[in-house]
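Below you'll find the structure, written out as structure tokens, and then a few comments.
The values are calculated or read from the model by the stated rules, or taken from the named source; none is laboratory data. Everything numeric in this text was worked out from a predicted model, so none of it was measured. For neighbour counting, all protein chains shown are included, and Cβ atoms are generated from backbone atoms with ideal geometry for every residue, glycine included. When the accessible area is computed, the model is the full protein with side chains, heavy atoms only, and any ligands, DNA or RNA have been set aside. Shrake-Rupley method; radii C 1.70, N 1.55, O 1.52, S 1.80 Å.
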Amino acid sequence: CITQSQTSCCTSGRDGRDGLPGRDGRDGNEGQVGVAGTPGSPGSPGPKGDMGPSSGVAYVRWGLSSCPSGSTIVYSGRAAGKRHNQQGGTNDYLCLPDNPLYRSSDTSHSHYSSLYSVEYEIFGSSGAALRNLLESDMPCALCYSNSKSVQFMLPARHTCQPGWNTEYSGYMMSEIKRSDRQPTTTICVDEMAQPLPKSASSINPAVAYIMKATCIGLLCPPYDAGRPLTCAVCTK
């Protein structure tokens with residue numbers, strides 16, 4: 001038994017060694033999912049991307065053997081169609097190349113349709129549009145633009161709508177309206193149309209006439225039954 005007087009003369013012992021670390025505690029349970037925040041404001045539009053590749057467009061330029069600036073010529077040739085007083089055959093005007101290629105040398109077909117050159121049939125005073133081309137043959141060219149993707153012929157206007165490119169402009173032409181004639185497609189003949197060199201005169205093969213509107217069902221004005229209808233070939 002140690003008395004109080006004995007305790008006062010005893011020295012303190014040193015600290016014991018540190019114990020080993022305890023193991024990690026167990027993971028707690030996952031907390032509840034928080035409330036979703038409000039959507040942020042839309043970001044600014046990004047820069048416009050490059051234009052994708054275009055397949056290009058092709059069109060016939062009737063009345064000339066060259067193509068407008070910005071288009072390349074695929075081939076030039078002459079307009080052709082069925083004879084004006086024949087039944088049957090094609091009702092299209094075709095742009096035939098000057099260098100045809102044939103496969104068969106056989107000529108024995110006894111039933112066939114025929115193609116003839118197209119003559120301008122343009123009558124009127126000396127100042128009438130395209131009057132100087134009367135009864136000469138019509139040239140043509142197939143043109144291609146690789147930077148465009150859509151093309152159409154705009155009737156009754158010689159300029160295209162805003163945002164569209166005017167490839168060329170001119171006058172609407174087709175077969176004449178008579179009981180002994182058959183309908184044809186309508187073509188847009190360039191306002192600067194030329195005759196084919198050495199055209200035969202007045203043999204009346206396939207023909208093309210200036211087209212006019214009537215005031216029957218069409219409003220006059222703005223339409224005018226006396227004036228030739230214009231046209232334009234438009235691309236975009």
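What the table shows:
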quantity: Test: residue in the range 6-21 that is surrounded by 10 or more Cβ atoms within 10 Å (Cβ to Cβ) and either out of contact with any strand residue (DSSP E or B) (no Cβ under 8 Å at 6 or more places or on another chain) or modelled with pLDDT of 75 or more (or both); calculated: no
quantity: Residue, farthest from residue 77 (Cα to Cα), within the range 98-150, restricted to residues that are without any contact (Cβ under 8 Å) to a residue 12 or more places away in the chain and of a type in the set (Phe, Trp, Tyr); calculated: 123
quantity: Members of the range 146-184 found to be part of a loop (DSSP other than H, G, I, E, B), farther than 20 Å from residue 205 by Cα and either touching a Cys at 6+ places or on another chain (Cβ under 6 Å) or of a type outside the set (S, T, N, Q) (or both), listed by number; calculated: 148, 150, 156, 157, 158, 160, 162, 163, 164
quantity: Those residues of the range 83-113 which are closer than 24 Å to residue 141 by Cβ, assigned to a loop (DSSP other than H, G, I, E, B) and at pLDDT 85 or above, in sequence order; calculated: 92, 93, 98, 99, 100, 101, 102
quantity: Answer residue from the range 178-205, given it is at pLDDT below 90 and either under 26 Å from the mean Cα position of the chain (by Cα) or open to solvent by less than 50 Å² (accessible area, probe 1.4 Å) (or both) and is nearest to residue 166 (Cα to Cα) among those; calculated: 185
quantity: Candidate set: the range 119-145, residues that are over 18 Å from residue 172 (Cα atoms) and assigned to a loop (DSSP other than H, G, I, E, B); chosen: the one most open to solvent (accessible area, probe 1.4 Å); calculated: 126
quantity: Tally, over the range 215-234, of residues that are in a loop (DSSP other than H, G, I, E, B) and surrounded by 10 or more Cβ atoms within 10 Å (Cβ to Cβ); calculated: 8
